[in-house]
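**Student:** For reference, the structure I am asking about is given below.
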Amino acid sequence: MEKKKKISVMIPCYNEVENVEPMSFAVVNVMEEALSRYDYEIVFIDNCSTDGTREKLEQICAGNKKIKAIFNVTNFGQFNSPFHGLCQTTGDCTISMCCDFQDPVELIPRFVEEWEKGHRIVSGIKTSSKESSVLYFLRTVYYKMIRNMSDVKMIEHFTGFGLYDKTFIALLRELDDPIPFLRGIVAEYASGFNMIEIEYEQAKRMAGKTHNNFYSLYDAAMLSITSYTKVGLRLATLIGFVSSGVSLLIALFYLVMKLVNWHGFQAGNAPMILGIFVIGSLQLFFIGLLGEYILNINTRVIHRPVVIEEKRINFEDADE
């Protein structure tokens, strides 16, 4: 009897006590009805939830050995935990999706269909969102900015939701990156894995409160900028050079006017004060940007593990 192909579904979660059980039921339903010809596993990776999510996951895993869970010892951030989860899957392909139902479960069969056609990466692309229009607009601006700044053509409105062939998962394991940015990695290697994009409308959260905020957007922006662009440092050099030139010209102008006393010219302190504020603000901005690059370098040099696990559930049954 021919062995069934195995599909892994990886679901990162943090304080999703109201969503983990409905999500597990929804995915199991899709796998056992629409994709019954495949074997499957569902891997939840919990990023140190404090609201009862872990207790709920233990109950779910006890009822179905195909559902597995990884508990992190602390919160390792919005990028490390999903990346580590992907690397722990054992399927012929892995589908990554969030736990709040904003990534449509009903797209799983469509992803698998495209995978069977030879696409080793199937990316879900948001064309619209039922969530905050302001947040969606900020994301649009961010994606376009990063796309124009980076040598790697970032994929607009791609959050990581999609299907990845086991060959791409193997690549992720080999990268040995302490601060992995999956969106950038997918964009960087997409052409070599015959990627296809599937559009969808992002739904509202089924329950609970979103963990997306200005800081999470800023964190994503800084990680992508410092990992995939040189424009920040080049811009600092260019603006510094231009500002120095303009300052020198203004200084020479005021010096000449003062020496010739042109029509009783009185410069006063205004130019000096304005210059201090303008140049000072530029310096502070670029010192902060430089600090982001140094922080990125520091994290890579220290090279701590992407995630440290506290506990695993049902992984001992992986081959049963």
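The values are calculated or read from the model by the stated rules, or taken from the named source; none is laboratory data. In this text, all values refer to a predicted model and were calculated from it rather than measured experimentally. Note: ideal-geometry Cβ built from the backbone for every residue, glycine included; neighbour counts use all protein chains shown.
**Student:** Restricting the search to the range 74-119, which residues are assigned to a loop (DSSP other than H, G, I, E, B) and of a type in the set (Gly, Ala, Ser)?
**Tutor:** Scanning the range 74-119 gives GLY91, GLY118.
**Student:** Within the range 91-104, track down each residue that is at pLDDT 95 or above and either β-branched (Val, Ile, Thr) or more than 22 Å from PHE168 (Cβ to Cβ) (or both).
**Tutor:** THR94, ILE95
**Student:** Out of curiosity, is PHE71 assigned to a strand (DSSP E or B), assigned by TED's automatic domain parsing to the domain that holds LYS166 and in contact with a Leu (Cβ under 9 Å, 6 or more places away or on another chain)?
**Tutor:** In short, yes.
**Student:** On to the next question. Can you go through ARG110, ARG139 and tell me which one is surrounded by fewer than 18 Cβ atoms within 10 Å (Cβ to Cβ) and either in the same structural domain as ARG37 (by TED's automatic domain parsing) or touching an Asp or Glu at 6+ places or on another chain (Cβ under 9 Å) (or both)?
**Tutor:** ARG110
**Student:** Output yes when any residue across the range 43-50 is surrounded by fewer than 16 Cβ atoms within 10 Å (Cβ to Cβ), touching a residue at least 60 places away in the same chain (Cβ under 8 Å) and not in a strand (DSSP E or B), and no when none is.
**Tutor:** Looking for residues that are surrounded by fewer than 16 Cβ atoms within 10 Å (Cβ to Cβ), touching a residue at least 60 places away in the same chain (Cβ under 8 Å) and not in a strand (DSSP E or B), one finds none in the range 43-50, hence no.
**Student:** Would you pick out the residues in the range 144-182 that are loosely packed, with under 15 Cβ neighbours inside 10 Å, of a type in the set (D, E, K, R) and either closer than 16 Å to GLU197 by Cα or modelled with pLDDT of 80 or more (or both)?
**Tutor:** LYS153, ARG173, GLU174, ASP176
**Student:** Is it true that some residue in the range 122-131 is over 17 Å from LEU223 (Cβ atoms), at pLDDT below 75 and out of contact with any Phe, Trp or Tyr (no Cβ under 9 Å at 6 or more places or on another chain)?
**Tutor:** Yes: the range 122-131 contains one or more residues that are over 17 Å from LEU223 (Cβ atoms), at pLDDT below 75 and out of contact with any Phe, Trp or Tyr (no Cβ under 9 Å at 6 or more places or on another chain).
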